[in-house]
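Some notes on the structure that comes next.
Please treat every number below as a calculation from the coordinates, not as lab data. This is a predicted model, so every value here is computed, not measured. So basically every Cβ, Gly included, is an ideal-geometry build from the backbone, and we count neighbours across all protein chains shown.
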Amino acid sequence: MDGRWIRKCWLAWCLVPGVVGCRTAEKTPWDAPGGDAGGMPTVSAKKPLWGSGPSLPVDVAVDSPKKGPPSPGTMVAIADLQLQRAMDDKAPVGNRPELLDTARQGYQKALLQDPKSKPALLGLARFYTRIGEREKAVEGYKKYLTLYPTEKDVAREVAVAHAQWKDWAGAISWCEFALKLDPENLTARKTMAFCYARAGQTEQAFEIMRRVVPEAQARYLLARVLEHQGDFAASRAQLEAALQIDQNYADAREFLTELDQVIAGKIPDQNGLRPDAGGVQQVGFTEPAAPQNPPPQQFQPSPQLPLPPQFAPRP
C-alpha cells in the first residue's frame, strides 16, 4: 500500500515539468506585444488563418478576347499598306500580284462589313486608279459621291485621275463639277486650266489660269505645257510675253535660256513627252501663290463623260 502510494507520487512529480513546459511554449492571440487583441491575426485571401499549407484555388474572372473579323478601318489600313508595297519600285516584281490581290480583298471585305465606309470606298477607287482599271475606278468614285455628294476634294481627285489617263475632256468635266461644289476652289480651277492646255485649247487655258495667278506666271505655266508637248515656238512666245510683263521673273528667264539651248540642239529636251509603257502619266505643276480675291470666271461647257444626273454640269 505504501509502495503504491509512493510510486504514484513519484509519477505525478515527473509529469509536472512537462505540463509546465507545454503551457510556456504555447502562443495565444493575447500573447502578442501589448497584451491586447490588437495583435490578432486577420483573415487573408492568400494565407489561411490555420496554417501555412498550400493556398486554396481561387476562381478569377478574366475577360475573354473579342472574337471576329477586324474592323473596317483596320482592314483598310492594312490594304493601304499592301497597295503601297505593291506599287513601290523597289518591291520584287514577283510579289506584286499577291500584294495587289491582298489589298483589293481588304477593301472589299471592309465594304462587306460597312458598305458606306468612306475609307474603304475611296481606297478601292484609288486602287483601281493606280492599276489602270479606269471603268472600275470611275464606278467606285461615283458610288462614293452618290453617298457623299458634297466632297469637293474627291471630285477634283476624279478629275486628276482622268488627267492621268490623258482624258482631258473628262478631267475638265469633273473640274467643273468640283467648282459647282466650291466655286472659289483655286486648285480645281488651275487643274482645269492645265487640262485645257493639254487638250490644245490654249486660249481657254490662259483665260482661266490668269484668274488664278498673276498674268506673267500664267504665261510661264502655259509655256511649260507647250514645251512639254513639243511646241517650242509657242512656248517661247509665252515666255517672252511673261518677261515683257515682269522683267525680273527669274523662272521665266531661266526657262527661256534652257529652251533656246534645246532649240539650238546644245542640250537634250528633258521635259518633253515620252512614251509611257503603262499608259498612265502623272500630271501637275508647282503650286504658285494665289492672288487675293480673284475675279469670277465664267466657264464654257465642254465635252464630258456620262455622269450621274446629280453630277452632270449644267450648261
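Summary table below
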read-out: Net charge, Ile245 excluded, C-beta distance under 11 Å - Lys, Arg +1, Asp, Glu -1; value: -1
read-out: Linear extension gain, Glu215 paired with Asp88, 0.36 nm per residue minus alpha-carbon span; value: 41.8 nm
read-out: Gain on full stretching of the segment that runs from Asn95 to Asp231 - 0.36 nm per residue minus C-alpha separation; value: 44.8 nm
read-out: Of Lys143/Lys180; Lys136/Lys190; Lys90/Lys116, pairs whose Cα-Cα distance is over 30 Å; value: Lys90/Lys116
read-out: Radius of gyration and maximum dimension Dmax of the stretch 158-230, Cα, Å; value: 11.4, 35
read-out: For the stretch 71-132, convex hull of alpha carbons as volume per residue, Å³; value: 64 Å³
read-out: Spacing of the two label points (7 Å from each Cα toward its C-beta) at Asp182 and Thr150, in nm; value: 1.3 nm
read-out: Charge sum, other residues only, whose C-beta stays under 12 Å from Pro119's C-beta, Lys/Arg counted +1 and Asp/Glu -1; value: +1
read-out: Order by protection proxy (mean Cβ within 10 Å, highest first), peptides 110-120, 245-255; value: 110-120, 245-255
read-out: Alpha-carbon spread of the stretch 163-279, three principal axes, descending order, Å; value: 46, 39, 18
read-out: Cα pair count fraction exceeding 17 Å, expressed as % - the stretch 103-204; value: 52 percent
